[in-house]
Each structure stands twice: as structure tokens, then as C-alpha cells.
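Data first, discussion second: the structure below is written as C-alpha cells.
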Amino acid sequence: MRAKKHETQADLVKAIADIASKMPLARTVQLYHFAVFLKTHPLPTEETFEEIAADEALWDSQFAATESDKLAALAAAVEAEIEEGKALPMFDENGKFVEQE
């Protein structure tokens, strides 16, 4: 779900609260920890909402143009790395963000 330009901060906070109220507690805890992560890792000040939206639009068009067989091969390679234990977790079993060095 993408934020529409006419949505206010209050609208988005209400929408997030509505989503969180319908999640199991464990997922709500993960949402909270992700929000804390976002708060402590702000976007660069020179990046505007319009620039972010343009970047997302570019990403969406590039993703849509990706050949499905190449995407499937990439996904398989990632899954193999996970199975081999080469991938590091982003969150621990409690949903807390794991800082990797």
C-alpha cells in the first residue's frame, strides 16, 4: 500500500494503528521494532518524498520488466544461500533488529 499525496500524517498513523490492531501480538511487536529502526535510521535530508516516489516508480517499472525466469533463478540462488546458512538474519526470534558488523 502506497501513501497517497493527500494523506496526512494523522491519516497514516490511524491506518498503521488499524493494521496493527488486526495483527497477532508477535507481528505487532515486529512492526514496533521496525518503526523504531526507521526512526533511528532517517532518510537523508536531501531526499524528498517526490524523489522517493520517483525512485519507487523506477524500481516498480524495472521489476515489472524483469524476465520471470531470471527472477526465479535469482530467488533460487538466495534460497540456496539461506539453506546453506550463508544469509544473516535481519531480526532475532523476538522481532528485534539485529545489527550486523
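A compact table of results
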quantity: Cβ pairs under 7 Å, 6+ apart, first in segment 34-48 and touching a residue at least 24 places away in the same chain (Cβ under 8 Å), second outside any helix (DSSP H, G or I) and surrounded by 10 or more Cβ atoms within 10 Å (Cβ to Cβ); calculated: Phe37/Phe97
quantity: Residue identified as free of Cβ contacts under 8 Å to residues at least 24 places away in the same chain, within 28 Å of Arg27 (Cβ to Cβ) and of a type in the set (Lys, Arg) among Lys86, Lys96; calculated: Lys86
quantity: Members of segment 45-76 that are in a helix (DSSP H, G or I) and polar (S, T, N, Q); calculated: Ser61, Gln62, Ser68
quantity: Top-ranked residue of segment 77-101 - restricted to ones that are over 19 Å from the mean Cα position of the chain (by Cα) and assigned to a loop (DSSP other than H, G, I, E, B), ranked as nearest to Thr40 (Cα to Cα); calculated: Glu101
quantity: Residues satisfying the stated conditions in segment 27-75, i.e. more than 29 Å from Glu93 (Cα to Cα), exposed (fewer than 11 other Cβ atoms within 10 Å of the Cβ) and charged (D, E, K, R); calculated: Glu46, Glu50, Glu67, Asp69, Lys70
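Taken together, the values in this text are just the output of simple stated rules run on the coordinates, not laboratory data. Since this is a predicted model, take the numbers as computed values, not measurements. Counting neighbours? That spans all protein chains shown, and the Cβs are built from the backbone with ideal geometry, glycine included.
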